[in-house]
């Protein structure tokens with residue numbers, strides 16, 4: 001009696017395993033077990049990997065090590081590739097990063113953005129990191145002005161894409177940024193803007 | 001008239017035939033903002049002032065100082081950058097001597113540091129520092145004849161922020177031709193092209209700018225004005241840097257005969273500006289308009305100018321300057 005019950009249990013288990021494998025193969029889902037659940041940090045890095053090979057003005061960096069892992073570009077074509085990255089990895093692990101919670105009641109806001117180091121040399125590989133946290137995914141623009149209030153940089157960051165995601169965002173400004181244009185030494189003023197006006201601002205000093 | 005024709009041909013040849021629209025990076029000097037509200041309301045015209053602020057423009061124009069002149073100019077950009085200058089000029093038997101000091105300052109700039117933890121990096125402000133960019137000018141003017149005036153200025157540049165100090169020097173030479181209704185001004189700024197700004201930085205490592213240098217852009221500035229009844233028309237062509245990027249300016253001033261102490265003017269400027277917008281690095285022709293008013297009350301000159309700005313939340317700039325001449 002016990003053998004028959006055990007055999008049925010083993011058979012059911014095998015059927016379930018086969019079904020699970022078939023489901024996984026067809027759904028292209030990333031497995032996440034309770035023990036090794038993908039952390040937000042790891043998911044962040046994995047998504048950056050989908051952007052590998054893209055050229056850009058800012059570099060996404062690994063928040064943990066501050067090492068450059070990929071280039072990004074806010075040009076629409078390249079962002080489509082990045083968007084596909086989100087879709088292909090569309091499991092619950094990624095959804096934790098993309099955030100399924102309803103953010104509609106959350107006001108779009110940015111913590112005080114900081115540039116590290118400040119002052120910094122743009123003419124080096126390391127350059128500096130512009131660090132800021134978003135309250136939710138939302139679109140905005142970054143403007144940079146020189147000491148004559150002339151705009152030297154403007155870039156739109158689209159909601160949910162690199163630089164415009166909920167939580168910490170890190171952008172690198174170095175010799176490859178701004179299309180290779182090296183800013184003259186001096187103070188520069190960066191402003192985060194969306195349709196509601198100025199969200200945050202700060203100042204940085206460029207050394208020769 | 002022969003001298004005027006030769007002068008005009010020289011200007012046309014050297015500017016229009018040799019200029020380009022390229023933009024190069026060079027040291028930021030505080031006088032880029034303009035030497036006075038009067039100069040700005042005329043579109044940045046230089047070399048036509050009657051006051052001591054000529055020290056920052058064409059020193060040859062100091063011949064217009066009667067005995068003594070002093071000027072003060074201040075403006076603030078984006079509620080952050082404070083520009084100030086002060087200048088003095090005095091006429092002596094040996095010629096006119098001038099002295100000027102220009103400063104651009106920004107306060108409370110965050111010095112940032114980071115803490116690296118196992119799973120994230122924290123950035124924080126350690127302290128705040130100030131940025132000062134100064135320019136000291138000493139000028140001398142002499143008039144070989146009634147209509148020809150020559151001038152020379154020595155410039156000393158000083159820049160200080162956080163762990164960095166920078167110094168440099170250069171020379172400007174200029175001439176003004178005065179034919180009563182018609183005036184020509186020619187200036188070569190930063191004549192010594194080999195002179196550079198040299199940086200000293202006490203910071204160590206790859207982020208140190210110790211021994212780094214920046215160029216001082218050579219500038220050729222040709223200005224002309226012509227008085228016709230109540231109006232004075234101004235024009236200026238400036239080439240900047242070895243790439244000879246072209247800056248153009250036009251100004252018009254209304255000086256009613258029935259109110260001789262009042263000046264109403266407007267100016268237009270066009271110059272190339274390099275900017276990176278939505279993934280594209282491009283040099284665009286930037287245009288700028290300014291209007292303003294000036295009052296000359298028995299030697300006390302008050303000037304105000306208004307100009308539009310690029311900035312998303314500060315769409316205009318106001319400029320004030322005051323001068324005393326006798």
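Since every read-out is calculated from the coordinates, none of them should be taken as a lab result. Predicted, not measured: the structure shown is a model, and the values here were computed from it. Using ideal geometry, Cβ is built from the backbone for each residue, glycine included, and neighbour counts are taken over all protein chains shown.
Computed quantities for the displayed model
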quantity: Extension gain, residue B:213 back to residue B:231 (0.36 nm per residue minus Cα-Cα distance, nm); calculated: 2.0 nm
quantity: Point-to-point label distance, residue A:200-residue A:111, nm (Cα→Cβ direction, 7 Å offset); calculated: 0.8 nm
quantity: Under the Debye formula (equal points on every Cα, no solvent term), log10 I(q)/I(0) of the range A:114-207 at q = 0.15, 0.21 Å⁻¹; calculated: -0.56, -1.09
quantity: Average other protein chain Cβ within 10 Å of Cβ, residues B:270-279; calculated: 6
quantity: Gaussian network model of chain B, Cα within-10 Å springs - most flexible of B:95, B:267, B:205; calculated: B:205
quantity: Residue with peak Gaussian network fluctuation, chain B [Cα springs, cutoff 10 Å], from B:145, B:242, B:169; calculated: B:145
quantity: Residue exposure sequence - B:300, A:148 - by fewest surrounding Cβ within 10 Å; calculated: B:300, A:148
quantity: Helix B:2-16 vs. chain B, principal-axis angle (Cα, 0 to 90°, nearest 10); calculated: 20 degrees
quantity: Order of B:122, B:277 under a 10 Å beta carbon neighbour criterion, fewest first; calculated: B:122, B:277
quantity: Unit Cα scatterers, Debye sum, the range B:100-183: log10 I(q)/I(0) for q = 0.16, 0.24 Å⁻¹; calculated: -0.79, -1.08
quantity: Chain B: most fluctuating residue of B:173, B:125, B:291 per GNM, C-alpha cutoff 10 Å; calculated: B:125
quantity: Cα pair distances exceeding 23 angstrom across chain B, given as percent; calculated: 62 percent
quantity: Distance histogram for the range B:282-326 (every C-alpha pair counted, 5 angstrom bins, percent rounded to whole numbers); calculated: 6, 17, 20, 17, 14, 11, 7, 5, 2, 1
quantity: Segment residue B:146-residue B:204, length gained on full extension (0.36 nm per residue, minus Cα span); calculated: 15.1 nm
quantity: Sequence of B:230, B:51 once ranked by neighbouring C-beta atoms within 10 Å, starting from the fewest; calculated: B:230, B:51
quantity: Residue list for the range B:154-188, given a label point 7 angstrom along the Cα-to-Cβ vector of residue B:268 and an amide N cut-off under 14 Å; calculated: none
quantity: Chain B: relative contact order in percent, alpha carbon pairs under 8 Å with at least 6 residues between; calculated: 19 percent
quantity: The range B:232-265 versus the range A:166-197: alpha-carbon centroid distance in Å; calculated: 35 Å
quantity: Chain lengthening between residue B:316 and residue B:115 when straightened (0.36 nm per residue, less Cα-Cα); calculated: 68.4 nm
